[in-house]
Amino acid sequence: MDDQQDFRFYINVLSGGRQGERIEIPLLDRMTENTFPWILEDEEISFKLIAPGHMQNPILWISDLPKPPSYSRTLDNKIIYIWHPESRGTNRYQAFFLNCFGSCQLDIEMRKQGGEQQWIELAPFEVKAKKITADRLREMIKYLSSRVDDLAGASFSVTQVAAEQTKGRKRVTSFLKEVEEGLSLFEKQLPILLGKHCTRLVPKRVVHMPRPDHYFEANTSEWLLSHLDILIPVPDFNEAVAIIDNRPYTVNRLEVNELVEDSNVYENQVLHSYLNSIKTLLLEIRKECDRLESQTSSGPVRSGEPFETPSYRNGSNNRYVSFSNEIKSSVGALFKGRKAKCDQLMKKCNYLMRVLDEKIPVRRLLVGMPSLTPWVKANIHYRILFEKIIRWYQMGTADWSDEEALVGVRSIDELYEYFCLYKLIDGLEKLGFQRKDIPDAKTQEMVYQDSMPKHKYEFQKSGMSLILYYEKEIWSPRYKAAREEPYLNVEGWIWDTYRKKGKRTRFNSKRVPDYIFEISMNQDRPDPSGKNSILAIFDAKYSPADIVFFEKLPLLVMRYVHGISRRQGGFSPVISLYLLHPKDTDKGPESEAVRSFYTNAYDLFGNNAVIPALGAAEVDPASTWDISRLIGRIVALAEQELQT
């Protein structure tokens, strides 16, 4: 827009090795490929916006927190707005981006003099973090890579394919596991296969010394007429192979039909095709790993210079690192293990293919699901292999959604959301909740299968049902998407940070909490009204504990506890709201792992627990606090409420 041509936005460094530097952050549509601004997570900075005089009341949105300017002044026809950090003492200020790591993008909300709202999108910049933050990142990736694989393995059944299998998507780790099992089974059956494999007798034209048992037919005569030079006269007509002009002749060699065993049959073509399919998949997985690795260094924000200069190193804990470099290193280690596994399996696959090509050759490969022929049914070693092959072709295509999500992460905030999601799942499983998409112990039948991270996980425990929603949208009742939903976003007012007053909301169409537990007692039929369900809400915030508790919790209480209602109204369906944050390393071991809004007797773990329960909890790779304790207490309170 033309109004935006006069905007300028700067970051001023207030202290440290870069004190006095001014970093310009261009508007998003003016960003160039060579623009790589960066700051340090603990750098003390201020923001400066130069805007046209008719643009007023700017709000700087940092993450989901609105920040009005500290002060402003007029210069010519422009207004200069300054956002200054809070003071921490003499010449010391609070860092705006403490605990941030990776790509960061700021938005500015402004209004024209006539009241029209306008949003200014700034180009992203990189926040470099201290080594301790990078260590936390590596631990989260290590946990996620192992936990996602565990979940994929738990939700994969090779014995029966249910209705959801028609989607034809399986985790890459599931494929590698199936390849490993299939090749091991093939190798085990190979000696039996070589000793007894399916063949058929077919006529073959061969040149031999003629014998009495050879069958001579028209083709033999034709061959002999074209090779008259090999005829040898003999005195006895009984020894003659041919009589020409009443003279007997014989030969030392003759082309005849001979029945030979041929392994080029359907059953063996299936075996060759199976191994070829495995080899093709392993090559594709390796190629995809290389592609995804390259993506980790091709995001929207890249650091334009190396950053380990002496002026910024004051001990090992003050070494600053780039998120893109760290994510590339960590993801690279993950894919390195994947590729090594592919190479190991490829070596075994090539060996089996060489043996089959030499001992049981075929002349064509097949495409599609094989069938059990009478020979296969009658020979157990073939039947064992064919059953495995059929399950292989039922798997469909590889699902790279988790890997795509991991390499697509541009900040530690996104990664922390995934980390908290699986920590919540861990906590539920530790409490004895059984996931409904784990195969039934007897039937091995799947209830449903989907790519992960999913947006819906169903759990059961004795008489209780719990659905974990990830990023579930709660819509305003005036939107079509809300027509069939039991829960609605009913916010009528929002707080205008700049004007310091409330105003009617016009644009909050939906709210999207990170995680929602919908808890109910097991029922014979679904309850679309939500009358017999209770919600427990969690939200991941990768920020210092005090900021999460004192700044972000009050804001989200209004949005989620008071802003979400059942369709029929009444009491709030939200029994609890807890924000999840990393361990506060600055406070040491005395920091509280769980903090409640209420006093001890009335907090979540007190005898007189107040509902809705409000607070914040620590979820961190280095934390010894077990999130299952918090979940267990919330579930117990929910059960009490549902039974009253």
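A search for C-beta distances below 9 Å between a residue of segment 14-30 that is among the polar types (S, T, N, Q) and any residue that is at pLDDT below 90 and open to solvent by 80 Å² or more (accessible area, probe 1.4 Å), counting only pairs 6+ apart in sequence or on different chains, returns 15/91; 15/92.
Does residue 113 qualify as being out of contact with any Leu (no Cβ under 6 Å at 6 or more places or on another chain) and more than 25 Å from residue 584 (Cβ to Cβ)? Yes. Considering every residue within segment 612-629, establish whether at least one is of a type in the set (Lys, Arg) and over 24 Å from residue 518 (Cβ atoms). The answer is no, given that none of the residues of segment 612-629 is of a type in the set (Lys, Arg) and over 24 Å from residue 518 (Cβ atoms). Within segment 534-559, track down each residue that is out of contact with any helix residue (DSSP H, G or I) (no Cβ under 8 Å at 6 or more places or on another chain) and either surrounded by 23 or more Cβ atoms within 10 Å (Cβ to Cβ) or part of a strand (DSSP E or B) (or both). Within segment 534-559, 535, 545, 548 qualify.
Residue-level analysis places residue 387 among those that are open to solvent by 40 Å² or more (accessible area, probe 1.4 Å), of a type in the set (Asp, Glu) and closer than 16 Å to residue 178 by Cβ. Taking the criterion of being at pLDDT below 90 and not small (Gly, Ala, Ser), the residues of segment 608-639 that qualify are 621, 624, 625. In the set (1) open to solvent by less than 100 Å² (accessible area, probe 1.4 Å); (2) modelled with pLDDT under 70; (3) outside any helix (DSSP H, G or I); (4) farther than 30 Å from residue 366 by Cα, residue 213 fails one condition alone, (1). Of the listed requirements (1) more than 21 Å from residue 517 (Cα to Cα); (2) surrounded by 14 or more Cβ atoms within 10 Å (Cβ to Cβ); (3) touching a residue at least 24 places away in the same chain (Cβ under 8 Å), residue 602 misses just one: (3). Quick check: anything in segment 458-475 of a type in the set (Val, Ile, Thr), at pLDDT 75 or above and crowded, with 20+ Cβ neighbours inside 10 Å? Yes: one or more hits. In this structure, residue 121 does satisfy being over 26 Å from residue 621 (Cα atoms) and of a type in the set (Asp, Glu).
Among the residues of segment 17-49, write down those that are outside any loop (DSSP other than H, G, I, E, B) and of a type in the set (Gly, Ala, Ser). Scanning segment 17-49 gives a single hit, 46. Among the residues of segment 559-573, those identified as hydrophobic (A, V, I, L, M, F, W, C) and within 13 Å of residue 474 (Cα to Cα) are 561, 564.
Looking across segment 533-592 at every residue that is closer than 25 Å to residue 414 by Cα, touching a Leu at 6+ places or on another chain (Cβ under 9 Å) and polar (S, T, N, Q), the one that is modelled with the highest pLDDT is identified as 576. Looking across segment 175-208 at every residue that is β-branched (Val, Ile, Thr) and open to solvent by less than 70 Å² (accessible area, probe 1.4 Å), the one that is farthest from residue 373 (Cα to Cα) is identified as 206.
Residues of segment 418-448 that are charged (D, E, K, R) and either at pLDDT 85 or above or on the phi > 0 side of the Ramachandran plot (or both): 423, 426, 429, 430, 435. For residue 138, indicate whether it is touching a helix residue (DSSP H, G or I) at 6+ places or on another chain (Cβ under 6 Å), under 18 Å from residue 582 (Cα atoms) and either of a type in the set (Lys, Arg) or modelled with pLDDT of 80 or more (or both). Answer is yes for this residue.
The values are calculated or read from the model by the stated rules, or taken from the named source; none is laboratory data. The shown structure was predicted, so the numbers you read here are calculated from the model rather than taken from an experiment. A quick note on method: Cβ atoms are made from the backbone with ideal geometry, for glycine too, and the neighbour counts reach across all protein chains shown. Areas reflect the complete protein model, heavy atoms only, side chains present, ligands, DNA and RNA absent. Shrake-Rupley method; radii C 1.70, N 1.55, O 1.52, S 1.80 Å.
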